[in-house]
Amino acid sequence: MQTAHAVLLPSGRILLASGSSWRNRGPIETYPHTADPQSGRGIFREEEDPFLINKIEDYYQLVNNVGIYDPSKNTFYRIPHPEPVPDPKWPEHFAPNDFFCTGHLHVPDGNVLFVGGTQYYYPFRTGHRATYLFDWRKEVQIRWNNVDWRRMPSVAFVNDSTNPWIFAGDQRFTGGRGSRKLEQFHASIYESNGGHWTLEPSFLGEHPQDDRTMHYALLLPTSQILIINGANYDFYGSIHYPILLTPQFDNINGTFLGYTKKRMNEGVEARLYHNVALLLPDGRVWISGGGSARATIHYTPLAQKPLDEHNTSSYEQPLPDTSNIDLDVEMFDDGRLAKNSRGSLSVPTETWVAEIFSPPYLFIDGKRRPVIVSLSHPHKVNYQFESVIDGKRYYLLRSNSQYTVNLNYLPTQCASGTKEKLVMIKLGSATHGWDSGQRLINLSFTRMSSTSALLLTTLDARIALIAPAFYMMFYVDCMGKPSAAQIIRFDDQAVQP
């Protein structure tokens with residue numbers, strides 16, 4: 001499946017979704033088989049009235065592309081897309097709920113809010129009004145290997161209590177040829193317009209091949225920024241090498257001076273349109289997806305080709321039918337497609353392969369790595385400070401409070417000019433070259449008499465603008481090597497993690 005949308009859950013797993021995946025419904029015209037081919041019309045076309053109640057099962061098969069990846073176990077499971085429901089404002093029709101081009105973000109309890117998505121592809125692209133919450137706590141209780149993900153949730157689940165989807169506008173995006181420029185706004189209370197802009201024309205490189213679009217800029221625990229994925233243009237000119245930006249500061253007054261830039265080793269797959277990238281709790285970076293054009297799905301209605309029966313007690317999921325998806329098409333021009341004319345270009349129409357990038361900090365000081373052993377609260381509190389969910393420990397932190405952070409496997413010496421730090425990074429939520437979740441917060445602490453413990457004093461969330469949410473807490477030692485993250489919840493209103 002394609003992975004146009006990716007969200008890191010508090011469990012450490014990744015929720016992946018693509019819905020109808022921007023595909024065309026076959027057959028379509030392609031060059032050179034047709035000298036002047038017409039553009040594909042997508043999957044859901046208004047003239048076909050695709051949202052009639054009697055078409056709901058076939059609609060579901062076309063949008064049912066959702067999965068869960070567990071980085072700690074290297075396991076992937078398909079899960080059922082939410083089931084469409086009858087539309088109370090449209091008799092004899094259901095409400096479309098395709099996740100393609102949806103908007104998504106974590107809410108304070110760690111669940112994921114999905115708002116809108118794709119309605120029609122043709123004659124115009126419109127959004128729908130369906131809204132869902134994904135319950136991450138319920139998800140960890142479901143054994144997906146004995147769930148027939150191909151069927152709508154009312155059939156796939158034993159009862160509604162095991163359905164992680166809770167039924168609760170149009171999202172637009174732009175693209176085009178990439179740029180290697182960096183534009184920055186410098187805020188100032190002393191300037192009439194509130195600040196000024198500066199432009200660095202060759203920030204990402206010196207050559208046109210360094211132009212980049214549909215890429216990600218990920219915040220790392222070390223305060224470095226990783227620029228990864230993307231291409232010169234949405235659909236071609238893949239850029240395989242990440243760029244690591246390291247901030248530089250004045251040694252005397254601490255003024256930010258800019259970034260040093262370093263190319264990293266190249267990735268294997270092309271990461272073009274609709275790719276995703278997320279920082280994982282272990283400090284690595286997950287990348288997946290990408291497309292060089294619009295794949296074609298040759299769908300046969302269930303009335304003609306019913307789903308095969310599947311033994312859910314086999315502890316194996318039914319395999320998806322990938323034979324009906326044509327990945328050998330490419331852009332002929334804006335909207336029109338060609339087939340068998342790639343020449344040396346070998347990028348598939350959709351990339352179904354994921355990769356994991358290990359940043360350089362993971363190789364500092366050999367195999368030794370600091371560990372956050374536990375957190376403790378030195379004072380009595382009137383809320384539940386810690387919980388164990390699916391075998392993992394979570395902590396609840398609040399503003400203006402003190403906590404002890406117990407560490408292990410610290411370095412025996414420090415690198416020159418490197419200071420230890422404790423940071424929180426909000427869980428990622430990535431789509432279309434944008435991560436609406438990430439934010440890095442430096443935490444204030446003092447070293448306790450024990451050399452393996454820190455006394456953390458939390459900031460005031462209102463003053464520091466800390467959103468109530470789940471975060472990854474990383475300790476970065478004085479060699480510049482981060483620990484794996486401890487997942488914490490920072491929320492002044494919550495009573496348990």
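What the phi angles of region 283-297 give under the Karplus curve with 6.51, -1.76 and 1.60, with θ = phi - 60°, is a coupling list of x, 7, 10, 8, 10, 7, x, x, x, 9, 5, 10, 5, 10, 10 Hz, glycine and proline written as x. Computed about its Cα centre, the charge dipole of the chain is approximately 1560 debye, with only Lys, Arg, Asp and Glu carrying charge at their Cβ. For region 366-490, the relative contact order comes to 33 percent (Cα pairs under 8 Å, sequence separation of at least 6). Which lysines have a Cα lying under 25 Å from the Cα of LYS419, excluding residues fewer than 8 positions away in the same chain? Hits, sequence-local ones excluded: LYS261, LYS262, LYS367, LYS481. SER223 label point, 7 Å along Cα→Cβ, cut-off 16 Å on backbone N: hits in region 391-420? Answer for this model: 415-420. Amide H contacts of ILE487: MET473, each under 5 Å away and 5 or more positions distant or on a separate chain (H built 1.01 Å from N in the peptide plane; Pro and chain starts excluded).
With θ taken as phi - 60° and the Karplus curve 6.51 cos²θ - 1.76 cosθ + 1.60 applied, the whole-hertz 3J(HN,Hα) list for region 226-234 is 10, 9, 8, 6, x, 7, 4, 9, 3 Hz, x standing for glycine and proline. Computing FRET efficiency as 1/(1 + (r/R0)^6) for ILE252 and THR34, where r is the C-beta to C-beta distance and R0 is 56 Å, gives about 0.25.
Size of the chain from its Cα atoms: along the principal axes, largest to smallest, the extents are 73, 56, 50 Å.
Note on ASP328 and SER401: the model spin-label points, each 7 Å out from Cα along the C-beta direction, lie 6.0 nm apart.
The length gained by stretching the chain between ILE166 and LEU133 to full extension, at 0.36 nm per residue less their Cα-Cα distance, is 11.4 nm. Of all DSSP beta bridges confined to the chain, the antiparallel ones make up roughly 95%. Projecting the Cα atoms of THR458, LEU319, LEU244 onto the charge dipole of the chain (Cβ charges, centred on the Cα centre) puts THR458 farthest toward the positive pole. With no solvent and one point on each alpha carbon, what is the Debye value of log10 I(q)/I(0) for region 366-490 at q = 0.10, 0.13, 0.14, 0.18 Å⁻¹? The Debye formula, applied to the Cα set alone, gives -0.33, -0.56, -0.65, -1.04. Each stretch of four or more DSSP H residues adds -39500 (n - 2.57); spread over every residue of the chain, this sum gives -1000 deg cm²/dmol at 222 nm.
Shown is the FRET efficiency for TRP90 and SER346, computed with R0 = 41 Å from the Cβ-Cβ distance and rounded to the nearest 0.05: 0.35. Checking every one of the GluC sites (Glu not before Pro) in region 36-105 against DSSP loop status and a limit of 11 other Cβ atoms within 10 Å picks out GLU92. Sorted largest first, the principal axis extents computed over the alpha-carbon atoms of region 3-146 equal 50, 41, 29 Å. Rolling a 1.4 angstrom probe over the chain with all protein chains present gives an accessible area of which 52% lies on carbon and sulfur atoms. Distance between the 7 Å Cα→Cβ label points at ARG447 and ALA415: 1.8 nm.
Along region 268-278 the Karplus relation, 6.51 cos²θ - 1.76 cosθ + 1.60 evaluated at θ = phi - 60°, assigns HN-Hα couplings of 8, 9, 6, 10, 8, 4, 6, 8, 9, 8, 9 Hz to successive residues, with x for each Gly and Pro. Averaged per residue, the chain has 47 square angstrom of accessible surface, using a 1.4 angstrom probe with ligands and nucleic acids left out.
Were the residues from SER202 through GLN496 laid out at 0.36 nm apart, the gain over their Cα-Cα distance would be 101.0 nm. Scanning the chain for cysteines with no neighbouring cysteine C-beta under 4.7 angstrom from their C-beta gives CYS101. Taking the Cα centre of region 3-146 as origin and assigning +1 to Lys and Arg Cβ atoms and -1 to Asp and Glu Cβ atoms, the resulting dipole is close to 540 debye. Our summary gives region 255-329 a relative contact order of 26 percent, counting only alpha carbon pairs under 8 angstrom and 6 or more residues apart. Here's the list of lysines a cross-link from LYS305 could span, going by alpha-carbon distance under 26 Å and ignoring same-chain residues fewer than 8 apart: LYS55.
The values are calculated or read from the model by the stated rules, or taken from the named source; none is laboratory data. Quick caveat, the model's predicted, so the values are computed rather than measured. Ideal geometry is used to build each Cβ from the backbone, glycine not excepted, and the neighbour counts take in all protein chains shown. Side chains included, ligands, DNA and RNA excluded: accessible areas come from the protein's heavy atoms. Shrake-Rupley method; radii C 1.70, N 1.55, O 1.52, S 1.80 Å.
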